[in-house]
Amino acid sequence: MAGGFGYNRNLRVPPIEKVAQFPLVEEAVNNTGDTGNLAAELDKIAKYISPAVGEYFLAVGIKFNSFKLVDSFVLLTASFGNRFELDILGLSTAILPTPEEGETVTPIAEVQMVLKVSFIPDEGFLGVRAQLTSASYLLSRNCHLTGGFAFYCWFSGEHGGDFVTTLGGYHPSFQVPSHYPQVPRLGFNWRVDSHITIKGDAYFALCSHAFMAGGHLDATYHSGALKAWFKVGADFLIAWKPYHYDARIYIDIGASYTFHFFGTHHITVELGADLHIWGPEFGGTATIHIWIVSVHVSFGDSSSRKPQPISWGTFKNSFLPEDDKVCTIAFKDGLVRKIGDNESDLGVINPKHLSLVTNAIVPSKQAYKVVSTGESPILITKTDGSHVQANTAFGIGSMEVSDGDLTTKHRIKITKKDGPPVKDDDFKYIPILKKVPAGLWGKSLSPDLNGTKFIENALSGFEIKPGRPPAPGQTHAVNRRNLQYEPESAPTGYGWENQTPFQASTLDEEGLRNRIRNTLVQNSSRDSLLQSLGFEPSKDVDLNREVAADFLVAPQVKA
């Protein structure tokens, strides 16, 4: 294990491609640190750890082995100060079979993968990346492996609501947004020998408006004047509500020969096909290339290139929650405490800080408030009172419902159980505008792959606050005499102890003397003390003297 911290230092986390060379990872994995030269070590990490007042970080790492097959190191860092950021960096290496000491056999495979996880609450971002390094190979060191995985999610901020998951990248025709991760193809590149090269790749991606997948394989033979090749590939775009697929597949087989006879000449023979299919219902076109001749063929249902719209029931069951959860209401501020488990009871609130937030899954084009005087539109304004226009240019693309054919309303009704009815100015309504996915609320049944991904500034709800501060209450009058001091008796305040009164002796002088003498002679405590000192009271101590002598003179030891 390893740990560290930085005070007034900023930690710059490297990109995924540089994780293996990051000093805090590299030195822990390979023990590359120059322990004899502190200055060299500081220079090495200076570009990652720089002075910054008010910035701090903590780091802890662990190096471990799994089943004697996979060597791993994981580093957890937490940066805080001006903002909080949590990162996990990792490096794992698997060599099959595991090398044995003294053996020089090349392993059949080596896979090295780097990991990076970032969580930045202030930016509303969570990202998970994993990627193979250039040290990865399969079957031969000349068969290089590539590939990466990424999951990015934005839950607030500029890109709030967007997400992407990809293994190996994106469709060739997809214009990747700048905030999406660039992920290398999952594939291999194998130079078998000086004549044969084989390479292939595959990918899968899912984002807020599209699903895409595909793969390609390419083999080439080149020896002197002869060259031959084989190429095949497929790229799919798939939509699931309504279900529709669009795929382009190609295959190309050819050979060429170069010879010299009164100049340089090339002979090429090539056979290939380009296939474009779609469905349901299945249909497509094909173009067949035979040397210098091309033949075009259509087959299946050509009208099915456009998907069929789904019904409201299918849309509702697929994309919307239960009816009582389509629109929710929650406290943003002012809640004092909840009473019981009744979800319909909001509990005890502080009216001065009351703030309720409504949130609807379905964006709204109109908004109304219902008070004692009836229903009236809500003027959509910002917190500073200025007017703001919500975006109403949306429909339900999968149902082929355009923006002009869709009407959605957000209605708020507030009533009082007792007292005067709610008036129009008792509350103010601050709109909450969000962006919603165009895949759900777009206007086209067949959205463009590189078209608009979100509907900006759609009305999703309101923040409800008191229209004016609550009037302060008045303290009830308190009678002054209730605050005066009044003594109270405490009959058991003192507990007197019963004592036996002193009684004078009724004995005469002789009787009193005998009583004192007998008390002295028969004192057991004194006899025990004398025995502890080594005396025998009945033999060594004379107690039969006059009373006055017994009181004034210490007991005498017999000669």
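The values are calculated or read from the model by the stated rules, or taken from the named source; none is laboratory data. A quick note: this is a predicted structure, and the numbers were derived from the prediction, not measured. Methodologically, a virtual Cβ is constructed for each residue, glycine included, from the backbone with ideal geometry; neighbour enumeration extends over all protein chains shown. Quick note on the areas: whole protein, heavy atoms, side chains included, nothing else; ligands and nucleic acids left out. Shrake-Rupley method; radii C 1.70, N 1.55, O 1.52, S 1.80 Å.
Descriptive notes on the structure:
- Using a probe of 1.4 angstrom and keeping all protein chains present, the accessible surface of the chain works out to 64 square angstrom per residue.
- Estimated FRET transfer efficiency when R0 is 51 angstrom, pair Ser524-Trp496 (beta carbons, to 0.05): 0.90
- Zero-based 10 Å bins, Cα pair distances in the chain, whole percents: 3, 10, 13, 14, 14, 11, 7, 5, 4, 5, 5, 4, 3, 1, 1, 0, 0
- Note on surface exposure: Met113, Met212, Met399 rank Met113, Met399, Met212 by accessible area, highest first, 1.4 Å probe.
- Under Karplus coefficients 6.51, -1.76 and 1.60, residue-wise ³J(HN,Hα) of region 85-96 in Hz, glycine/proline x: 9, 10, 10, 10, 10, x, 9, 10, 10, 10, 10, 10
- Label point at Leu96 placed 7 Å out along Cα→Cβ; residues across region 173-192 whose backbone nitrogen lies under 20 Å: 186-191
- Relative contact order %, region 198-336, counting alpha carbon pairs below 8 Å whose residues are six or more apart: 14 percent
- Helix content alone sets the calculated 222 nm mean residue ellipticity of the chain: runs of n ≥ 4 DSSP H residues at -39500 (n - 2.57) each, divided across all residues, give -3000 deg cm²/dmol.
- Mean Cα-pair separation over length for region 211-283, i.e. relative contact order, pairs under 8 Å, 6 or more apart, %: 26 percent
- Residue (of Phe315, Phe151, Pro420) at the positive-pole extreme of the chain, dipole from beta-carbon charges: Pro420
- Around Thr197: net Lys/Arg minus Asp/Glu count, Cβ-Cβ under 10 Å: 0
- Carbon + sulfur, % of accessible area of the chain - ligands and nucleic acids excluded, 1.4 Å: 57 percent
- Counted over the chain, the DSSP beta bridges are approximately 95% antiparallel.
- Of the whole protein surface, Trp312 contributes about 130 Å² of accessible area at a 1.4 Å probe radius.
- Rel. contact order, % - alpha carbon contacts under 8 angstrom, at least six apart, the chain: 6 percent
- A simple spin-label model places the labels of Ala393 and Ile88 4.3 nm from each other, with each point 7 Å out along Cα-to-Cβ.
- Multiplying the residue separation of Tyr245 and Thr452 by 0.36 nm and subtracting their alpha-carbon distance yields 72.5 nm.
- Note on the chain: with charges restricted to the Cβ of Lys and Arg (+1) and Asp and Glu (-1), its dipole about the Cα centre is near 1520 debye.
- FRET E, pair Phe331, Ala78, Förster distance 22 Å, beta-carbon r, rounded to 0.05: 0.15
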